[in-house]
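The values are calculated or read from the model by the stated rules, or taken from the named source; none is laboratory data. Remember, it's a predicted structure, so these values are computed and weren't measured experimentally. Cβ: placed from backbone, ideal geometry, glycine included. Neighbour counts: every protein chain shown. Accessible surface is based on the protein model in full, side chains and every heavy atom, while ligands, DNA and RNA are left aside. Shrake-Rupley method; radii C 1.70, N 1.55, O 1.52, S 1.80 Å.
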Amino acid sequence: MCGIVGAIAQRNVAPILLEGLKRLEYRGYDSAGIAVLGEGGELERVRTTGKVAELAGALEASALDGPIGIAHTRWATHGKPSEANAHPHICRNRVAVVHNGIIENHEELRQAQQAQGFTFTSDTDTEVIVHQVYHHLDAGKDLLDAVRDTCAEMEGAYALGVITTGEPDRLVAARRGSPLVVGIGIGEHFIASDVAALLPVTQRFVFLEDGDIADIRRDSLVIHDRDGRVVEREERLSELSADSVERGKYRHYMEKEIYEQPRAIADTLEGRIHQGRVIEEAFGAGAGEIFDQVQGVHIIACGTSFHAGLVGRYWLESIAGIPCSVEVASEFRYRRPVVRNNSLIVTLSQSGETADTLAGLEEARRLGFGHSLSICNVAESSLVRESDLVLMTRAGPEIGVASTKAFTTQLVAMMLLTIVLGRRFGMTPDTETELVRQLESLPRQVEDVLGLDDQIRQLAESFADKHNALFLGRGAQYPVAMEGALKLKEISYIHAEAYPAGELKHGPLALIDADMPVVVVAPNNELLEKLKSNLQEVSARDGRMIVFADENAGVSESEVTRVLPVAPTDDCIAPVIFTVPLQLLAYHVAVLKGTDVDQPRNLAKSVTVE
């Protein structure tokens with residue numbers, strides 16, 4: 001959630017750190033700060049609340065300058081947003097620390113440190129880390145050993161960057177449960193929570209694994225694993241460019257990412273289909289043998305990815321004929337699920353670093369559910385590295401907190417999985433050929449839906465003064481309605497709920513009046529007539545409806561019903577198509593309301609802590 005950047009070089013690193021923080025803004029934060037070791041050997045620090053732009057202004061006044069430093073964007077967990085709680089934290093002008101994660105035994109450490117005479121200036125759990133490192137340095141240990149001993153004494157999750165005045169040519173980094181990457185330059189090294197932060201200075205990266213501690217100098221990188229052994233981690237060359245995370249001609253990243261969906265879907269399909277059949281090897285080496293053993297699917301995900309999993313369940317059961325369960329990762333990891341032998345554990349995540357999803361995968365493996373498949377957008381992520389099989393969504397960088405192209409590409413991935421498993425449960429070759437045809441038509445059909453943008457922008461004006469909204473769908477469109485409601489509440493701050501349309505009479509109908517807009521997704525399928533009956537129930541109570549309907553669905557406009565026709569769509573892929581107008585609706589409502597579309601309040605892009 002928070003963002004870390006660090007650098008050790010033969011030049012002033014303050015501009016590098018600031019640019020890195022700007023590129024991590026999408027992760028969500030409420031304060032920011034930078035600390036460097038100046039040429040005189042003193043720690044210099046600037047911290048501010050609010051946006052990184054505030055920090056940039058403060059830096060201009062401070063003339064911060066030094067060849068080694070660390071920086072941070074903080075999303076408040078322990079302690080409210082304030083300058084005192086912002087990172088980096090410094091102990092007695094000797095040690096500076098930045099930290100992502102949560103230290104669960106911070107109260108115990110705090111009490112011990114107070115007894116030792118340490119003074120606390122913040123409400124954060126992080127401050128116990130910097131005091132503990134100082135304590136070990138004061139006992140005569142070098143920075144590497146001081147950090148190693150501190151890590152051994154902490155319980156919880158962390159990614160750390162640590163510098164000290166006593167060793168001005170050394171940066172130590174460590175990770176447990178929170179992502180951290182080392183960037184490699186020429187005579188310089190960097191650390192960050194995400195490769196995006198470092199793309200302007202390098203495309204060479206080493207991804208630290210859980211328990212790793214990195215001893216970093218300008219011209220060397222030595223990594224120690226959780227057992228203290230020196231290890232080699234693979235150096236990777238990122239295919240991303242600095243330009244790939246720029247907004248370009250678009251007003252917001254979310255708008256750009258909505259419009260990138262045709263290309264993202266095409267990229268997700270590329271190389272995975274041959275002569276009308278899905279290539280099983282696209283899921284990884286040995287995928288066929290693993291799929292042969294599968295007797296059921298258990299999907300674990302959070303947020304938007306959970307909604308993709310719900311759509312996947314409809315497909316897996318109705319098309320492939322295979323039993324499927326879908327669970328919110330934060331619930332799965334803390335209950336006692338009944339183990340089903342030979343279940344394929346499918347984890348969905350945009351970042352591959354979602355703490356609950358990672359923990360859910362670990363718990364499923366411990367219980368012996370079966371093999372695991374990760375559907376993910378970040379090739380170097382923890383989730384990918386921990387899974388037996390992987391299907392990358394190839395959506396490219398997604399900066400907006402409200403997920404768009406990651407969701408639709410996850411749906412495409414779920415359909416690919418449905419097809420390869422369906423072969424083993426009686427699905428005919430003709431059915432596969434037809435499903436593949438539908439998938440290959442998706443980029444063009446999404447382009448067509450994007451053509452409704454102007455009409456949706458006009459419709460959004462009817463939401464400008466609303467405080468609540470109801471979203472309805474049936475069958476596989478119910479999770480799409482859930483996703484539409486989530487998008488609206490995330491970025492416009494309008495309270496929105498989704499229900500299966502058939503549940504109206506079981507409670508939600510009591511909410512219907514002229515001030516409650518109702519958004520409906522209406523593909524032309526076997527549930528259409530039942531859905532039309534539900535629309536009549538809303539209309540009879542003066543409910544104002546916006547209906548995204550298949551052109552052939554025969555849904556009529558009225559005084560209280562606006563209909564936006566969507567080009568005729570095959571039923572199986574309709575969830576992908578009908579997602580797009582709901583994304584556009586949420587986007588335009590948020591723009592009208594003047595909210596921070598890409599960085600909505602209180603939310604972070606990657607939820608790397610519980």
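Of the set (1) polar (S, T, N, Q); (2) surrounded by fewer than 18 Cβ atoms within 10 Å (Cβ to Cβ); (3) modelled with pLDDT of 85 or more, all apply to residue 552 but (3).
Yes or no, residue by residue, for (1) open to solvent by 10 Å² or more (accessible area, probe 1.4 Å); (2) touching a His at 6+ places or on another chain (Cβ under 9 Å); (3) in contact (Cβ under 8 Å) with a residue 24 or more places away in the chain:
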{"site": "413", "(1), (2), (3)": "no, no, yes"}
{"site": "439", "(1), (2), (3)": "no, no, yes"}
{"site": "445", "(1), (2), (3)": "yes, no, yes"}
{"site": "457", "(1), (2), (3)": "yes, yes, yes"}
{"site": "473", "(1), (2), (3)": "no, no, yes"}
{"site": "498", "(1), (2), (3)": "yes, no, yes"}
{"site": "507", "(1), (2), (3)": "yes, no, no"}
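Of all the residues that make up the stretch 397-414, how many are touching a helix residue (DSSP H, G or I) at 6+ places or on another chain (Cβ under 6 Å) and closer than 30 Å to residue 434 by Cβ? Result for the stretch 397-414: 10. Screening the stretch 41-115 for strands (runs of 3 or more DSSP E) wholly inside it with 2 or more residues that are open to solvent by 70 Å² or more (accessible area, probe 1.4 Å), out of contact with any helix residue (DSSP H, G or I) (no Cβ under 7 Å at 6 or more places or on another chain) and of a type in the set (S, T, N, Q) returns no ranges.
Taken over the stretch 330-357, the criterion of being among the aliphatic types (A, V, I, L, M) and at pLDDT below 90 is satisfied by 338, 339, 355.
Given the options 339, 326, 311, name the one that is in contact with a helix residue (DSSP H, G or I) (Cβ under 7 Å, 6 or more places away or on another chain) and open to solvent by 50 Å² or more (accessible area, probe 1.4 Å). Only one candidate passes the filter, namely 339.
Inspect the stretch 416-430 for any residue being free of Cβ contacts under 8 Å to residues at least 40 places away in the same chain and farther than 27 Å from residue 570 by Cα and give the result as yes or no. No, the stretch 416-430 has no match at all. Somewhere in the stretch 117-139, is a residue in contact with a Leu (Cβ under 9 Å, 6 or more places away or on another chain) and of a type in the set (Gly, Ala, Ser)? For the stretch 117-139, residues in contact with a Leu (Cβ under 9 Å, 6 or more places away or on another chain) and of a type in the set (Gly, Ala, Ser): absent. When the stretch 578-594 is filtered for residues that are among the β-branched types (Val, Ile, Thr) and either surrounded by fewer than 24 Cβ atoms within 10 Å (Cβ to Cβ) or within 17 Å of residue 406 (Cβ to Cβ) (or both), the ones remaining, listed by number, are 579, 580, 591.
Return the residue satisfying two criteria in turn: it lies in the stretch 11-25 and is within 23 Å of the chain's Cα centre (by Cα) and either modelled with pLDDT of 90 or more or surrounded by fewer than 23 Cβ atoms within 10 Å (Cβ to Cβ) (or both), and of such residues it is farthest from residue 198 (Cα to Cα).
Residues of the stretch 11-25 that are within 23 Å of the chain's Cα centre (by Cα), as a first pass: 17-25.
With either modelled with pLDDT of 90 or more or surrounded by fewer than 23 Cβ atoms within 10 Å (Cβ to Cβ) (or both) added as a condition, the list becomes 17-22, 25.
Details: 17: 9, 18: 11, 19: 8, 20: 6, 21: 10, 22: 11, 25: 13 Å.
By that ranking, first place goes to 25.
Being closer than 28 Å to residue 356 by Cα, open to solvent by 70 Å² or more (accessible area, probe 1.4 Å) and either touching a Pro at 6+ places or on another chain (Cβ under 9 Å) or not in a loop (DSSP other than H, G, I, E, B) (or both) holds for only one residue in 236, 226, and it is 236.
Conditions tested, residue by residue: (1) β-branched (Val, Ile, Thr); (2) in contact with a Gly (Cβ under 7 Å, 6 or more places away or on another chain); (3) surrounded by 21 or more Cβ atoms within 10 Å (Cβ to Cβ); (4) closer than 17 Å to residue 224 by Cα.
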residue	(1), (2), (3), (4)
158	no, yes, yes, yes
164	yes, no, yes, no
170	no, no, no, yes
173	no, yes, yes, yes
192	no, yes, yes, no
203	no, no, no, no
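When the residues of the stretch 360-383 are filtered to those that are of a type in the set (A, V, I, L, M, F, W, C) and open to solvent by less than 20 Å² (accessible area, probe 1.4 Å), the one that is nearest to the chain's Cα centre (by Cα) is 376. Taken as a whole, the stretch 451-467 holds no residue that is within 26 Å of residue 572 (Cα to Cα), in contact with a Phe, Trp or Tyr (Cβ under 8 Å, 6 or more places away or on another chain) and of a type outside the set (Asp, Glu). When the stretch 483-496 is filtered for residues that are buried (at least 22 other Cβ atoms within 10 Å of the Cβ), in contact with a strand residue (DSSP E or B) (Cβ under 7 Å, 6 or more places away or on another chain) and assigned to a helix (DSSP H, G or I), the ones remaining, listed by number, are 484, 485, 488.
For the stretch 264-341, give me every one of the helices (runs of 4 or more DSSP H) that falls completely inside it and has 3 or more residues that are in contact (Cβ under 8 Å) with a residue 40 or more places away in the chain. Explain how you work it out, then say what you get.
Numbers: elements: 287-293, 303-315, 329-332.
Once the helices (runs of 4 or more DSSP H) in the stretch 264-341 are filtered for at least 3 residues that are in contact (Cβ under 8 Å) with a residue 40 or more places away in the chain, what remains is 287-293, 303-315.
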